[in-house]
Amino acid sequence: MLKYSDLKQLLKKHQLRVTDCRLDVLSLFQASEHALTSRFLEHELTAYDRVTLYRTLNSFIESGLLHKIPDDSGMARYGVCDHHCDSEEHRHDHLHFKCDACGHVDCLSSYHVPKVQIPGFLIKEANMILNGLCQSCNS
Ligand SMILES: [Zn+2]
Ligand SMILES: [Zn+2]
Ligand SMILES: [Zn+2]
């Protein structure tokens, strides 16, 4: 787990001012193996109101620290970006996995969405969510 000084460093690297809320949100993400929902953050970080948390999440998305994971349940989930993401470029061609048993959503960073070319179409983004049983539920 990252120390506060590392978290501060990470915020600075992404041109974000250091605030308590940003540090707390970032440390929850760094400590979690799974994608987190805004509801989870609201539950864990009761010291901040909803608006502050949303602003914090948005600033992280804009600056390349987090990405939003599409989910058919309508609950917004956020995953930690790879180190190559920044405000200029976000690349998320990795797969996501949703476990039917524990409900966790994970970024499968080393597995990529297969490239598809369709004549006449300009494809800007591809998302793929797999579901089934995650490693711990399957063992
Ligand atoms: Zn990203
Ligand atoms: Zn599971
Ligand atoms: Zn992801």
statement: Share of Cα-Cα pairs in region 1-49 beyond 14 Å, whole percent, is 50 percent
- prompt: Tell me, what is the per residue accessible area of region 4-138 in Å², probe radius 1.4 Å?
  reply: 64 Å²
message: On the principal axes of its Cα set, how long, how wide and how thick is the chain? Give whole Å, largest value first.
response: 46, 37, 26
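How charged is the neighbourhood of K98? Take every other residue with its Cβ under 12 Å from the Cβ of K98, and add Lys/Arg as +1 and Asp/Glu as -1.
Charge balance in the 12 Å sphere: -3.
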field: Cβ charges +1 (Lys, Arg) and -1 (Asp, Glu), total dipole of the chain, debye
entry: 260 debye
- request: Mind checking which of I129, H92, M75 is farthest towards the positive end of the chain's charge dipole, using Cβ charges of +1 (Lys, Arg) and -1 (Asp, Glu) about the Cα centre?
  value: H92
- line: In degrees, nearest 10, the alpha-carbon axis of helix 20-31 is tilted away from the dominant principal axis of the alpha carbons of the chain by 40 degrees
message: Starting from the 7 Å offset along Cα-to-Cβ, what nm value, one decimal, do you get for the label separation of A126 and D86?
response: 2.7 nm
- line: Nearest 10, in degrees from 0 to 90: the angle of helix 50-62 to the longest Cα principal axis of the chain is 60 degrees
message: So, R0 is 25 Å and r is the distance between the beta-carbons of S109 and A47; what FRET efficiency does that work out to, to 0.05?
response: 0.20
task: Using only the Cα atoms of region 24-75, build the gyration tensor, take square roots of its eigenvalues as a ≥ b ≥ c, and label the shape rounded, prolate or oblate: rounded if a/c is under 1.5, else prolate if a/b is larger than b/c, else oblate.
output: rounded
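Can you count the Lys pairs in the chain whose Cα atoms are under 16 Å apart, with each pair 8 or more apart or on different chains?
5
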- line: Counting only protein heavy atoms with a 1.4 Å probe and every protein chain in place, the carbon and sulfur fraction of the accessible surface of region 17-134 in whole percent equals 51 percent
query: Rounded, prolate or oblate: which fits region 59-139 when a ≥ b ≥ c are the square roots of the eigenvalues of the alpha-carbon gyration tensor, with rounded for a/c under 1.5 and prolate only if a/b beats b/c?
result: oblate
query: Contour minus end-to-end for D6 and S73, with contour as 0.36 nm per residue of separation and end-to-end as the Cα-Cα distance?
result: 20.7 nm
- prompt: Can you give the % of DSSP beta bridges in region 4-138 that are antiparallel, to the nearest 5?
  reply: 75 percent
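Counting helices only, and only those DSSP H runs with n ≥ 4, report the 222 nm mean residue ellipticity of the chain as the sum of -39,500 (n - 2.57) divided by its residues, in deg cm²/dmol to the nearest 500.
-9500 deg cm²/dmol
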task: Subtracting the Cα-Cα distance from 0.36 nm times the residue separation, let me have the gained length for Y54 to D100 in nm, one decimal.
output: 13.8 nm
message: For the chain, take the longest principal axis of its alpha carbons; what is the angle in degrees between that and the long axis of helix 4-13, to the nearest 10 within 0 to 90?
response: 60 degrees
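The values are calculated or read from the model by the stated rules, or taken from the named source; none is laboratory data. These numbers were taken from a predicted model, which means no experiment stands behind them. Cβ: placed from backbone, ideal geometry, glycine included. Neighbour counts: every protein chain shown. Protein only, heavy atoms only, side chains kept; ligands, DNA and RNA dropped before computing areas. Shrake-Rupley method; radii C 1.70, N 1.55, O 1.52, S 1.80 Å.
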